[in-house]
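S.K.: Can you keep this structure in mind? I'll have questions shortly.
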Amino acid sequence: MGSVISQKVEDHTIPEEFMGSSEDLFNLVALALKNIVEREDGKDEKRALGFTFSFPVRQNSVSSGSLIRWTKGFSVGDTVGKDVAQCLNDALAMCGLNVRVTALVNDTVGTLALGHYYDEDTVAAVIIGAGTNACYIERTDAIIKCQGLLTNSGGMVVNMEWGNFWSSHLPRTSYDISLDDETQNRNDQGFEKMISGIYLGEIVRLVLHRIAEESDVFGDAADSLSTPFILSTPFLAAIREDDSPDLSEVRRILQEHLKIPSAPLKTRRLVVKICDIVTRRAARLSAAGIVGILKKLGRDGSSGPASSSGRTRDQPKKTVVAIEGSLYQDYPVFREYLDEALAEILGEEVAQTVTLRVTEDGSGSGAALLAAVNSSNRQRQQGGSI
Ligand code: BGC
């Protein structure tokens, strides 16, 4: 097997006006790709493209799948039900690019692919960023939906779409209900709405707004606090991580972003506490989700076979979970709480066998890897050279 020899990352924001139709959206992506290809050598060379698409897809083959629904506040109406790989291929052809999608991959799956490429003990991948999700490697015979389906390895990656997990055991507050009411995908993605980056700041904003309405703690700031999504999660993180004695960063954020001009230290401390609670809950729920996967895989220490004496267990296997996403990578307190909860649920001994490994841009590179593997497999099947 070769290795990843070069990796370049470019970030592009999708302007609002390109979110009107799927054609606009995919044309924008194709144009961005065209710019990249034109800057490289070999413009006309046929290329295989790995397409990371971080939304729920009904996968029809390695390189095709239709969008089930948008999440994370995205909404480009006419895309639901369409084969998103086909949409991108059409746009690429329109641009005159000799590039075709050979792997359509969820971001968790890309992250797992890259994680597994570097370390075969990687059995699952988790994304905790703007949205959240996880995938893991399951035995094919354990997947009821896929009875009779053969894979070379006997295993298959399951994209859990855990963001849409819901259970009556999940304690839901009135703030979670208000948040859900504000979103375009009401009643969907309940777990994601308690955990991920686009929602945490808003939960805090809802709590502060309620305090402002029911007390005079924030003076007459109830109005400014009534604007949905004015407190983004990076601000929540900055508030929680302000370790200055007078909480000067908290004061600045309250003044500049929430129009609360003169909150005394006691009030600033209250705001920090609220950010802490919301962060800790999200991190602990994420940890519980990861333990759920480890349990399913028999790697949580509870199902290890007892030795003949019946007293000791076999050495637990080393387990690696690839992890990616801005909330986990850029917010140390979140990470700390997640690690702490993992150790608490698994016990120190088992927790030491589990490594959460950050893969930088793994979802993109992993998709490229899968595209390369898939197109070389196809060529092999067709008897061509690799
Ligand atoms: C999407 C998943 C994705 C996750 C992380 C969720 O909103 O449904 O497909 O993996 O966000 O990006």
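The values are calculated or read from the model by the stated rules, or taken from the named source; none is laboratory data. Since the structure is predicted, the reported quantities are computational estimates derived from the model, not experimental observations. Backbone-built Cβ (ideal geometry, glycine too); neighbour counts: all protein chains shown. We work out accessible area using only protein heavy atoms, side chains counted, and drop any ligands, DNA or RNA first. Shrake-Rupley method; radii C 1.70, N 1.55, O 1.52, S 1.80 Å.
S.K.: Can you classify the chain as rounded, prolate or oblate using the Cα gyration tensor, where a ≥ b ≥ c are the square roots of its eigenvalues, rounded means a/c under 1.5, and otherwise it's prolate if a/b beats b/c and oblate if not? Walk me through the numbers on the way to the answer.
M.R.: Values: a/c = 2.06, a/b = 1.28, b/c = 1.61.
Oblate.
S.K.: Where does each of Val57, Val29, Val321 land when they are ordered by accessible area, with a 1.4 Å probe and the largest first?
M.R.: From most accessible down to least: Val29, Val57, Val321.
S.K.: Once you list every other residue whose beta carbon is under 12 Å from the beta carbon of Tyr337, what net charge do they have if Lys and Arg are +1 and Asp and Glu are -1?
M.R.: My count for the surroundings of Tyr337 gives 0.
S.K.: Here is a further query. Any idea which of Leu200, Gly73, Ala288 is furthest toward the positive side of the dipole for the chain, if Lys and Arg beta-carbons carry +1 and Asp and Glu beta-carbons -1?
M.R.: Going by the Cα projections, it comes out as Ala288.
S.K.: Can you give me the accessible area per residue for the stretch 146-207, using a 1.4 Å probe, in Å²?
M.R.: Value returned for the stretch 146-207: 50 Å² of accessible area per residue.
S.K.: Compute the distance in nm between two label points, each set 7 Å from the Cα along the Cα-to-Cβ direction, one at Thr13 and one at Asp181.
M.R.: 3.1 nm
S.K.: Further question: Using alpha carbons only, how many degrees (0 to 90, rounded to 10) separate the axis of helix 362-381 from the longest principal axis of the chain?
M.R.: Its long axis makes an angle of about 10 degrees.
S.K.: Oh, and also: What's the magnitude of the charge dipole for the stretch 138-295 around its Cα centre, counting Lys and Arg as +1 and Asp and Glu as -1 at the beta-carbon? Answer in Debye, nearest 20.
M.R.: Values: 19 positive and 22 negative charges, 97 e Å.
Charge dipole of the stretch 138-295: 460 debye, to the nearest 20.
S.K.: Run the dipole for the chain about the Cα centre, Lys and Arg Cβ at +1, Asp and Glu Cβ at -1, nothing else charged, and hand back the magnitude in debye, nearest 20.
M.R.: Computed about the Cα centre, the dipole is about 1120 debye.
S.K.: With each pseudo-label sitting 7 Å past Cα toward Cβ, what's the Asp276-Arg380 distance in nm, one decimal?
M.R.: The answer from the label model is 5.5 nm.
S.K.: Continuing with this model, one more query. Taking the mean number of other Cβ atoms within 10 Å as a proxy for protection, how do you rank 217-223, 129-135, 244-250, 106-112 from highest to lowest?
M.R.: Result, highest mean Cβ count within 10 Å first: 106-112, 129-135, 217-223, 244-250.
S.K.: Further question: Cα axis of helix 107-118 to longest principal axis of the chain: angle in degrees, 0 to 90, nearest 10?
M.R.: For helix 107-118, the angle is close to 60 degrees.
S.K.: While we're looking at this one, here's another question. Computed FRET efficiency, Cβ-Cβ of Glu38 and Asn60, R0 22 Å: what is it to the nearest 0.05?
M.R.: Once the sixth-power term is evaluated, E becomes 0.10.
S.K.: Follow-up question, since we're still on this one. Subtracting the Cα-Cα distance from 0.36 nm times the residue separation, let me have the gained length for Cys146 to Trp166 in nm, one decimal.
M.R.: Extra length from Cys146 to Trp166 when fully extended: 4.8 nm.
S.K.: Here's another thing I want to ask about it. Can you pull the percent of the stretch 8-105's accessible area that's carbon plus sulfur, 1.4 Å probe, other chains left in place?
M.R.: 49 percent
S.K.: Lysines near Lys46 by alpha-carbon distance under 17 Å, same-chain residues fewer than 8 away left out - which ones?
M.R.: By straight Cα distance, Lys46 reaches Lys34.
S.K.: Here's another thing I want to ask about it. Where does helix 197-214 land angle-wise versus the long Cα axis of the chain, in degrees 0 to 90, nearest 10?
M.R.: 20 degrees
S.K.: For the chain, what does -39500 (n - 2.57) per DSSP helix run (n ≥ 4), summed and divided by total residues, give at 222 nm, in deg cm²/dmol to the nearest 500?
M.R.: That comes out to -14000 deg cm²/dmol.
S.K.: Taking R0 as 41 Å, what's the FRET efficiency between Ala238 and Glu349 from their Cβ-Cβ distance, rounded to 0.05?
M.R.: The calculated FRET efficiency here is 0.70.
S.K.: I'd like the accessible area for Met19: 1.4 Å probe, protein heavy atoms, all chains in place, Å² to the nearest 10.
M.R.: Accessible area of Met19: about 40 Å².
S.K.: When all protein chains stay in place, what accessible area (Å², nearest 10, 1.4 Å probe) is found for Trp166?
M.R.: Solvent-accessible area, nearest 10 Å²: 110 Å².
S.K.: With every protein chain present, what accessible area does Arg299 have (1.4 Å probe, heavy atoms only), rounded to the nearest 10 Å²?
M.R.: For Arg299, the solvent-accessible surface is approximately 50 Å².
S.K.: Within the set of other residues whose C-beta is less than 12 Å from the C-beta of Val320, count the net charge using Lys and Arg as +1 and Asp and Glu as -1.
M.R.: Charge balance in the 12 Å sphere: +1.
S.K.: What size of dipole, in debye to the nearest 20, comes out for the stretch 8-105 about its Cα centre when the only charges are +1 on Lys and Arg C-beta atoms and -1 on Asp and Glu C-beta atoms?
M.R.: On the way: 11 positive and 14 negative charges, 84 e Å.
Dipole size: approximately 400 debye.
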